[in-house]
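Reviewing the structure listed below.
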């Protein structure tokens with residue numbers, strides 16, 4: 001168990017680097033989409049979704065959602081060049097302060113892809129879930145929506 005907690009802490013620490021500090025990518029000047037605005041309505045920062053969102057659906061009753069980002073998206077997280085990927089379609093269930101049944105976001109670490117299965121908003125922090133293991137990180141690390149590598153803000 002201790003090894004699992006260490007592994008998850010290391011894995012999720014990759015997500016703590018503010019996207020705005022990336023020198024290799026220009027600052028995202030694209031206005032947030034309706035999907036990004038919807039995240040804030042539920043207590044989450046817009047930076048949980050890349051800037052390439054094309055469309056989304058949300059069932060207001062059940063909280064089931066689907067986000068189309070127009071193609072797969074990869075982001076290299078500095079300083080150690082860890083790779084995070086977003087599938088073309090991201091799905092889950094959203095409620096105030098909680099995203100569950102998340103599918104479509106993964107991080108490469110220790111020679112393996114790790115799926116983020118849920119995210120909780122806890123005050124100024126976000127709690128990321130990978131299976132039954134969790135780790136907490138400052139929400140302000142996700143204040144800006146990241147650009148997918150190889151794409152420009154206008155795409």
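The numbers here are math on the coordinates, done by the rules we state, and not lab data. Worth saying up front: this structure is predicted, and the values here are computed from it rather than measured. Don't worry about glycine lacking a Cβ; one is built from the backbone with ideal geometry, like all the others, and counts go over all protein chains shown.
Numbers at a glance
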{"read-out": "Point-to-point label distance, residue 124-residue 54, nm (Cα→Cβ direction, 7 Å offset)", "value": "3.9"}
{"read-out": "Cβ-based exposure ranking for 127, 67, in which fewest neighbours within 10 Å come first", "value": "127, 67"}
